[in-house]
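Engineer: Next up is a structure, given as structure tokens.
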Amino acid sequence: MVAPLKVGLAGLGTVGASVVRLIGGEQLAARSGRKVEIVAVTARNKGKDRGVDLSGTRWIDDPVALASDPGIDVFVELMGGEGDPAKAAIGAALKAKKSVVTANKALLAKHGLALAELAERNGVALNFEAAVAGAIPIIKTLREGFAGNSFARIYGILNGTCNYILTRMEQEKLSFAECLKDAQRLGYAEADPTFDVEGYDTAQKLAILASIAFGTRVDSDSIYVEGISSIAPADLAAADELGYRIKLLGVAVKTESGIEQRVHPTMVPKDSAIAQVMGVTNAVTVDAEGIAPITLVGPGAGGLATASAVVADIGDIARGLRVAPFGRATDSLTVAGKAPMQLHEGGYYIRLLAVDKPGTAATIATRLAEQDISLESIVQRHIGPQGGSDAKTAAGPVPVILITYATTEDAVRRALDAVKADRVISGEPQLIRIEKNR
């Protein structure tokens, strides 16, 4: 009879408590062919009631001591943070030849390569399905489901907070500030929401996906990052009229100049699968060689959603399955050639507040033509006395919306700099990239 797999769990928050409940059920043992037991735990507060039965489970105060404890086979890290104690504890577990399961995207984005090398050197697993997109099995899909395919592009909605805010803004015609406040009240956004709404959370997740998809070393510093705080209801209304929705996307694309990695608000066609994903839900679209794009959709956060991915990783270890953490041996991972954002090619949405005087439109058109930018559409609105678009106001700025055909980021930036220098617009232009279906 196979001996039970003994688990040491560090972190007993919402996710950790959910892991305890799932492991205590019948499904994991039945599907992995082996009983799994949590034999030791650690957390910040020993006396807190977490609503789970930990009787008979050893409490170890020090996470590093738990990680190297001879009585465990697997160390599960759910403490979070890119540094210690999470980093030290995972390192201790791997050195002690114990497999590790973690949901720590920040740690993997910064130290993933070194930890993967340590896991390989000691012949143990480093599993992290829960680090990206919660319950969506995107890590396993890229690493194992498409083991024989090459990838052209990976992109997705990787932050539920941002998707919730943009959904509310679109459906209820609310401002960013109003939706953010409500997201904080509901617990979808932190008191300091910067990490989510300015795109950094998405960037860490994208770095992990890009490494697995393209066989490159994790490099979150190479990602262009732009958040959603500048998005206005006018942009969402214009997108709707033009047949698009606005989503914060993480995008990794293989180009001739390298791997282009970017996070920014993006217009996606309404008929695309990813445009249908609303609220706090996550989604990832995979463009792989020889098949039509595949989109995986599901809950990207929350106790049970994240815990389900953690427990699935534990189940793989219980079965005796072990694969290279990033899909291939770490010594074969290459340094991604960074594709400069200036070389990005695609369509653009541009919203300008044009000065209402003769020659303004001609000046804007000239500056775009100088950069060989062709326009797919131009929409000009005159703002009415009640903020509508029916009547013209006297000499006020006029909203002008431009949709370009495919061009480069550099050309668009040069054209807009020239337009600003000509003093024919008021304020800063709004610029949103368009991600087309392939």
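Engineer: List every residue whose amide H lies under 5 Å from the amide H of residue 279, counting only residues 5 or more places away in sequence or on a different chain, with H placed 1.01 Å from N in the peptide plane.
Structural biologist: So residue 279 has HN proximity to 167.
Engineer: Sorted by packing (mean other beta-carbon atoms within 10 Å per residue), highest first, where do 181-192, 263-274, 291-302 land?
Structural biologist: 263-274, 291-302, 181-192
Engineer: Put a dot 7 Å past each Cα toward the Cβ at residue 232 and residue 362; how far apart are the dots in nm?
Structural biologist: 2.7
Engineer: Next question, about the same structure. Going by Cα centres, the stretch 303-351 and the stretch 152-174 are how many Å apart?
Structural biologist: That distance is 20 Å.
Engineer: Ok, one more. From a point 7 Å beyond the Cα of residue 428 in the direction of its Cβ, which residues of the stretch 152-166 have a backbone N at a distance under 20 Å?
Structural biologist: Residues 162, 166 qualify, since their backbone N sits under 20 Å from the label point.
Engineer: If you count, for each residue, the other Cβ atoms within 10 Å and average over each peptide, how do 24-35, 346-357, 47-58, 65-76 line up from highest to lowest?
Structural biologist: Result, highest mean Cβ count within 10 Å first: 65-76, 346-357, 24-35, 47-58.
Engineer: Here's a follow-up. Membrane-span-like helices in the chain: DSSP H runs reaching 20 Å or more (Cα, own axis), mean Kyte hydropathy at least 0.0?
Structural biologist: Helices meeting the span and hydropathy rule in the chain are 105-121, 200-214, 303-319.
Engineer: Still on this structure, I have one more. For the stretch 138-299, take N as its residue count and report Rg(C-alpha) divided by 2.2 N^0.38 Å.
Structural biologist: Dividing the Cα radius of gyration by 2.2 N^0.38 Å gives 1.03.
Engineer: Any idea how far apart residue 27 and residue 181 come out in nm if each label point goes 7 Å out from Cα toward Cβ?
Structural biologist: With each label placed 7 Å out from Cα toward Cβ, I get 4.0 nm.
Engineer: Under the Kirkwood approximation for Rh and a Cα-based Rg, what ratio Rg/Rh is obtained for the stretch 29-141?
Structural biologist: Radius of gyration over Kirkwood radius for the stretch 29-141 works out to 0.96.
Engineer: Could I ask something else about it? Under 8 Å for C-alpha pairs, at least 6 residues apart: give me the relative contact order for the chain, rounded to a whole percent.
Structural biologist: Computed over the chain, the figure is 16 percent.
Engineer: Roughly speaking, what is the stretch gain from residue 378 to residue 95, that is 0.36 nm per residue apart minus the C-alpha to C-alpha distance, in nm to one decimal?
Structural biologist: Gain on stretching residue 378 to residue 95: 95.8 nm.
Engineer: Taking the Cα centre as origin and putting +1 on Lys and Arg beta-carbons and -1 on Asp and Glu beta-carbons, what dipole magnitude results for the stretch 59-157, to the nearest 20 debye?
Structural biologist: That gives a dipole near 400 debye.
Engineer: Another one. Can you find, among 159, 111, 130, the residue sitting farthest towards the positive end of the charge dipole of the stretch 94-168, where Lys and Arg contribute +1 and Asp and Glu -1 at Cβ?
Structural biologist: Value: 111.
Engineer: Magnitude of the Cβ-charge dipole of the chain, K/R +1 and D/E -1, about the Cα centre, nearest 20 debye?
Structural biologist: With only Lys, Arg, Asp and Glu charged at Cβ, the dipole is about 780 debye.
Engineer: Related question: Filter the trypsin sites (Lys or Arg not before Pro) in the stretch 400-429 to those in DSSP coil with at most 15 other Cβ atoms within 10 Å of their Cβ, and list the result.
Structural biologist: Qualifying residues, ordered by number: 423.
Engineer: Based on the Kirkwood radius over alpha-carbon pairs, what value in µm²/s does the Stokes-Einstein equation return for the translational diffusion coefficient of the chain at 37 °C and 0.692 mPa s?
Structural biologist: Value of D from the Cα-based Kirkwood radius: 140 µm²/s.
Engineer: What is the sum of charges around residue 310, taking Lys and Arg as +1, Asp and Glu as -1, for the other residues whose C-beta is under 12 Å from the C-beta of residue 310?
Structural biologist: Here the charged neighbours net out to -3.
Engineer: Among 380, 18, 277, whose Cα sits farthest toward the positive end of the charge dipole of the chain (+1 at Cβ of Lys/Arg, -1 at Cβ of Asp/Glu, about the Cα centre)?
Structural biologist: The one lying farthest along the dipole's positive direction is 18.
Engineer: Still on this model: Over the stretch 259-417, calculate the relative contact order: mean separation of alpha carbon pairs under 8 Å at least 6 apart, over the residue count, as a percent.
Structural biologist: Once divided by the residue count of the stretch 259-417, the mean separation gives 22 percent.
Computed from the coordinates by the stated procedures, all read-outs in this text should not be read as laboratory data. What you see is a predicted model; the values in this text were computed from it and never measured. All Cβ positions, glycine included, derive from the backbone under ideal geometry; neighbour counts span all protein chains shown.
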